[in-house]
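Report on one structure; see the data block that follows.
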Amino acid sequence: TPENPPRGFSFFSSFGCPEACTFCCSPLVSNRRWKAMPGKQLAEEVAELQQRFKFDVLRFQDANFGVAEKRTKEFCETMVDLQVPIHWNGTIEIETIMRYSEQTLDLLEESKCHLLWLGAETSSAEMQERIKKHIKIEHIPQAIGELANRGIIPGTFWIIGYPGETRESMEATLKQAAAVKYAYPLAGSEVYPFRPIPGTEDFDAAVKLGFEPPTDFETWGDCFE
């Protein structure tokens, strides 16, 4: 209610990401390493923090929360056992969802996961290889459906305008993003323009194609709005 809005809380439970995406700075920053708190310990710490701060919603700010299924399973099981009175959300990969067992996916719902952020990135198999995401195109709607059918909002992101991407490729991604939203109205399906991030393969590619990066702090800040 307006008089009693939900109280949110942010938490980092892991560092890094094992993915090699060419548009992301994580491969340079973390060298594709991923280090994380064990699932049971994480849930116990969340339960203690909730008792102290009385928050209603927890946002995991991890670059890639769901890397290890065993950890996710232990976290969800302990959250259920402790009856922590919150909803939670975080990030996960589409191929990770496809790899998870039905039992683990059910535990996500049981532990009150209400939203998972997914990077679909492109609807082209050729572009998936080019950006080193390696998502199988048919897995995108399948993974979104696995979450939506459990009442978990799939917050799906797409990118158009990668260096060298064709107009046809971009239009195909727009159509796929719309098709996902039509098939699963619960899902988010947001399309963003490509933004060159320093320290990424695609930043170097964009500069070679004529991109002139900002030279001052304020302009860097504006370019992401």
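State the Cα centre-to-centre distance between segment 63-83 and segment 119-143 in whole Å.
For segment 63-83 versus segment 119-143, the Cα centre distance is 25 Å.
Using the alpha carbons of segment 50-165, what is the convex hull volume per residue in cubic angstrom, as a whole number? Show your work: numbers first, answer last.
Values: hull volume 12.2 nm³, N = 116.
Spread over its residues, the Cα hull of segment 50-165 gives 105 Å³ apiece.
For segment 1-160, what is the accessible area per residue in Å², given a 1.4 Å probe and the full set of protein chains? Let's see the in-between values first.
On the way: 7650 Å² over 160 residues.
Value for segment 1-160: 48 Å² per residue.
Against the globular-protein guess of 2.2 N^0.38 Å, express the Cα radius of gyration of segment 16-105 as a ratio, rounded to two decimals. All intermediate terms of the calculation are to be shown ahead of the outcome.
Working: Rg = 14.1 Å, N = 90, 2.2 N^0.38 = 12.2 Å.
Against the empirical 2.2 N^0.38 Å value, I get 1.16 for segment 16-105.
Could you tell me the calculated FRET efficiency between E138 and E45, based on Cβ-Cβ distance and R0 = 45 angstrom, to the nearest 0.05?
Values: r = 38 Å, r/R0 = 0.84.
Computed FRET efficiency for E138 and E45: 0.75.
Which shape class, rounded, prolate or oblate, goes with segment 2-49 when its Cα gyration tensor gives a ≥ b ≥ c as root eigenvalues, a/c under 1.5 marks rounded, and past that a/b bigger than b/c marks prolate?
On the way: a/c = 4.73, a/b = 1.71, b/c = 2.77.
It comes out oblate by the Cα gyration axes.
If you take every residue apart from F211 with its C-beta less than 12 Å away from the C-beta of F211, what net charge results, scoring Lys and Arg +1 and Asp and Glu -1?
On the way: positive: R195, K208; negative: D202, D204, E212.
It works out to a net charge of -1.
List the equivalent ellipsoid semi-axes of segment 154-225 in whole Å, largest first, each obtained as the square root of 5λ for an eigenvalue λ of the Cα gyration tensor. Working shown, then result.
Working: eigenvalues 152, 49, 14 Å².
Sorted largest first and rounded, they come to 28, 16, 8 Å.
Between the DSSP loop rule and a limit of at most 11 other Cβ atoms within 10 Å, which chymotrypsin sites (Phe, Trp or Tyr not before Pro) in segment 188-225 are left? Spell out each step's value before the answer.
Numbers: sites: F194, F203, F211, F217, W220, F224; in loops: F194, F211, F224.
Passing sites in segment 188-225 are F224.
Given contacts defined as C-alpha pairs under 8 Å and at least six residues apart, what's the relative contact order of the chain, whole-number percent?
Numbers: 364 pairs, mean separation 40.3, N = 225.
Taking the mean separation of contacting Cα pairs over the length of the chain, I get 18 percent.
Can you divide the C-alpha Rg of the chain by 2.2 N^0.38 Å and report the result to two decimal places?
Numbers: Rg = 18.6 Å, N = 225, 2.2 N^0.38 = 17.2 Å.
Output field value: 1.08.
Name the residues whose placed amide hydrogens come within less than 5 Å of the amide hydrogen of I160, ignoring near sequence neighbours (fewer than 5 apart) on the same chain.
Distant-sequence amide H within range of I160: Y192, F194.
Restricting attention to the chain, give the cysteines that have no other cysteine Cβ less than 4.7 angstrom from their Cβ.
Lacking a cysteine Cβ partner under 4.7 Å: C17, C25, C76, C113, C223.
DSSP loop (so not H, G, I, E, B), at most 13 other Cβ within 10 Å: list which trypsin sites (Lys or Arg not before Pro) in segment 101-138 pass both filters. Write down the numbers at each step before the final one.
Values: sites: K112, R130, K132, K133, K136; in loops: K112, K132, K133, K136.
The qualifying sites are K136.
All other residues with a Cβ under 15 Å from the Cβ of E109 taken together, and with Lys, Arg as +1 and Asp, Glu as -1, what is their net charge?
Numbers: positive: K73, K112, R150; negative: E77, E102, D106, E110, E146.
Every neighbour counted, the sum reads -2.
For segment 89-199, what is the relative contact order in percent, using Cα pairs closer than 8 Å and at least 6 residues apart in sequence?
Once divided by the residue count of segment 89-199, the mean separation gives 28 percent.
Quote to one decimal, in nm, the extra length available between T219 and E95 on full extension: 0.36 nm per residue of separation minus the C-alpha distance between them.
Details: separation 124, 0.36 × 124 = 44.64 nm, distance 3.55 nm.
Fully extending the segment from T219 to E95 adds 41.1 nm.
Rg to Rh ratio, segment 22-64, alpha-carbon atoms and Kirkwood radius? Walk me through the intermediate numbers first.
Working: Rg = 14.2 Å, Rh = 12.7 Å.
We get a ratio of 1.12 for segment 22-64.
Could you compute how fast segment 95-225 diffuses translationally, taking Rh as the Kirkwood radius over C-alpha pairs and applying Stokes-Einstein at 37 °C with viscosity 0.692 mPa s? Give it in µm² per second.
Roughly 203 µm²/s, to the nearest whole number.
Can you tell which of P198, P141, P154 shows the greatest fluctuation in a Gaussian network model of the chain with Cα springs below 10 Å?
So, out of P198, P141, P154, the one fluctuating most is P198.
Could I have the simple spin-label model distance between I197 and A125, label points 7 Å from Cα toward Cβ, reported in nm to one decimal?
For I197 paired with A125, the spin-label model returns 2.8 nm.
Just the number, please: carbon plus sulfur as a percent of the accessible area of the chain, 1.4 Å probe, no ligands or DNA/RNA counted.
Numbers: 6550 of 12020 Å².
Carbon and sulfur: 54 percent of the exposed surface of the chain.
What percent does the relative contact order of segment 1-110 come to when contacts are Cα pairs within less than 8 Å and at least six residues apart?
Working: 157 pairs, mean separation 32.2, N = 110.
That works out to 29 percent.
F12 versus A179, label points 7 Å from Cα toward the beta carbon: distance in nm?
It works out to 3.9 nm between the two label points.
Within segment 10-65, list the trypsin sites (Lys or Arg not before Pro) lying in a DSSP loop whose Cβ has at most 16 other Cβ atoms in a 10 Å radius. Can you show the working numbers first?
Values: sites: R32, R33, K35, K40, R52, K54, R59; in loops: R32, R33, K54.
Sparse-neighbourhood loop trypsin sites (Lys or Arg not before Pro): R32, R33, K54.
Between K54 and L115, take the C-beta separation as r, use R0 = 30 Å, and let me know the FRET efficiency to the nearest 0.05. If you can, show how the numbers build up before the last one.
On the way: r = 21 Å, r/R0 = 0.69.
It comes out at approximately 0.90.
What number, rounded to the nearest 500 deg cm²/dmol, is the helix-based mean residue ellipticity at 222 nm of the chain, given -39500 (n - 2.57) per DSSP H run of at least four residues and division by all its residues? Walk me through the numbers on the way to the answer.
On the way: 10 runs with 96 residues, N = 225.
Here the helix-only value at 222 nm equals -12500 deg cm²/dmol.
Using alpha carbons only, how many angstrom separate the centre of segment 10-38 from the centre of segment 169-219?
If we compute the Cα centre of each part, the gap is 20 Å.
May I ask you to list the residues of segment 152-172 whose amide nitrogen lies under 16 Å from a point 7 Å from Cα along the Cα→beta-carbon direction of E190?
Label zone hits: 153-160.
The values are calculated or read from the model by the stated rules, or taken from the named source; none is laboratory data. Quick caveat: nothing in here was measured; it's all calculated off a predicted structure. Glycine also receives a Cβ, built like all others from the backbone with ideal geometry; neighbour counts cover every protein chain displayed. Surface areas here come from the heavy atoms of the whole protein model, side chains and all, with no ligands, DNA or RNA. Shrake-Rupley method; radii C 1.70, N 1.55, O 1.52, S 1.80 Å.
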